[in-house]
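Presented below is the structure to which this report refers.
The values are calculated or read from the model by the stated rules, or taken from the named source; none is laboratory data. Owing to the predicted nature of the structure, the values given are computational and were not obtained by experimental measurement. All Cβ positions, even for glycine, are placed from backbone atoms using ideal geometry, and neighbour counts span all protein chains on display. Calculation scope for accessible area: heavy atoms of the full protein, side chains included, ligands and nucleic acids excluded. Shrake-Rupley method; radii C 1.70, N 1.55, O 1.52, S 1.80 Å.
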Amino acid sequence: MDYKAAAELLKKQDRILILTHRRPDGDTIGCAAGLCAALREQGKTACILPNEDATSLFTPYLEGYLAEEGWEPDFVVSVDIAGRSLFTPRGERYLARGIDLGIDHHPSYEGFARESCVDPGRAACGELIYDLIRQWGPVSPAAALPLYVAVATDTGCFMYSNTTPATHRVCADLMAVGIDFQGVNKRHFRTKSLKRLRLESLLVDGMDVHDGGATVIAAISLADMARLEATERDAEDIAAFLGQIEGVRTSVTIRELAPGECKLSVRTDQGLNATRVCALLGGGGHASAAGCTVMGTVAEAKAAILAAIRQVWVEDRDGASAGT
């Protein structure tokens with residue numbers, strides 16, 4: 001269904017619970033907070049399921065919206081969740097029960113909900129939520145601020161290739177409401193802890209360089225995090241860092257989450273499809289930004305992602321040759 005039909009469906013519901021994904025980013029948190037605020041303004045009882053992975057960078061946007069222990073919904077909505085593996089331990093209970101409405105913008109969305117509102121053409125799920133809320137009337141400052149966070153963070157403050165003219169129009173409308181967008185931009189894009197800077201230095205010092213510098217792969221181990229006494233907040237969105245290096249077209253950041261478990265984040269330009277690369281390892285995402293989880297050591301994760309990158313390059317080369 002489109003966002004208009006989703007808005008109509010939500011308008012008929014009450015006691016609505018909103019779910020966010022594992023290791024939540026600004027898009028899923030901003031969507032949840034913006035949608036929750038708007039639903040309450042429509043007189044609905046709406047709450048957000050607490051997310052144990054949320055860091056202090058994003059928890060302020062959830063204040064006042066979290067469901068109390070034992071609260072039971074009549075309708076469950078997921079926002080910015082593309083696949084079943086991305087549900088939190090708390091959220092898995094509702095996945096088993098059945099998600100009533102899934103709202104997402106990933107091409108890799110798995111269609112797990114009874115009803116789905118998905119638009120891969122949107123730069124951020126926040127854009128989709130904005131259009132949905134507009135069906136009910138003007139967007140309030142309470143909803144506009146987290147929605148701005150959603151869109152701004154998922155586009156790298158409008159620097160990523162997923163940014164479109166529509167992205168700027170949505171954010172211009174949100175800014176016109178009177179939100180503190182300057183404070184948001186400073187918090188998320190112009191402020192780094194000393195430990196974060198040391199993590200970035202570690203990535204540069206330890207990165208593997210391939211293809212004459214066009215492809216780089218670097219890892220942060222559990223031991224690295226412990227040695228620097230870094231927290232998850234210090235590592236927030238660190239996957240975007242390597243792509244800032246001049247000449248890099250494909251970057252892979254590996255985070256060791258537990259012994260034998262690594263999370264990989266792939267960032268590319270338009271020359272390589274990150275979704276296809278990560279899909280080979282059971283993941284998904286967007287053409288320029290995708291992720292997956294590899295069970296194994298950091299060294300094994302590096303070998304696996306490099307092989308996946310090579311396979312996609314070969315497929316593209318062979319496909320181009322066949323077309324000539």
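Worth pointing out:
- Debye log10 I(q)/I(0) for region 83-138, one point scatterer per Cα, at q = 0.15, 0.31 Å⁻¹: -0.48, -1.20
- Site pair Asp211 and Arg317 shows an inter-label distance of 1.1 nm when each label is modelled 7 Å from Cα along Cα→Cβ.
- Neighbour net charge for Ala144 - beta-carbon separation under 12 angstrom, K R +1, D E -1: -2
- The local environment of Thr153, defined by Cβ-Cβ distances under 9 Å, has a net charge of -4 under the rule Lys, Arg +1 and Asp, Glu -1.
- For region 242-305, the alpha-carbon coordinates run over 32, 23, 16 Å along the three principal axes, in decreasing order.
- Counted as membrane-span-like here are DSSP H helices of the chain whose alpha-carbon atoms extend 15 Å or more along the helix's own axis and whose Kyte-Doolittle mean is 0.5 or above; these are 26-41, 141-154.
- Computed over the Cα atoms of the chain, pair by distinct pair, the Kirkwood hydrodynamic radius stands at 20.3 angstrom.
- Relative contact order %, the chain, counting alpha carbon pairs below 8 Å whose residues are six or more apart: 13
- Alpha-carbon centroid distance for the pair region 126-149 / region 29-65, whole angstrom: 13
- Estimated D of region 79-226 in µm² per second, where Rh is the Kirkwood radius over Cα pairs and Stokes-Einstein applies at 4 °C, 1.567 mPa s: 72
- Model label zone, Glu52; criterion: amide N under 12 Å from point 7 Å along Cα-to-beta-carbon; scope region 77-91: 88-91
- Accessible carbon and sulfur surface of region 258-303 relative to its total accessible area, %, 1.4 Å: 57
- Rolling a 1.4 angstrom probe over region 1-147 with all protein chains present gives an accessible area of which 46% lies on carbon and sulfur atoms.
- Separation in nanometres of the label points that stand 7 Å from Cα toward Cβ, at Thr59 and Arg233: 0.8
- Label-point gap, in nm, between Leu257 and Val204 - each point 7 angstrom along Cα→Cβ: 2.9
- Between Arg93 and Arg249, the contour length at 0.36 nm per residue exceeds the Cα-Cα span by 52.2 nm.
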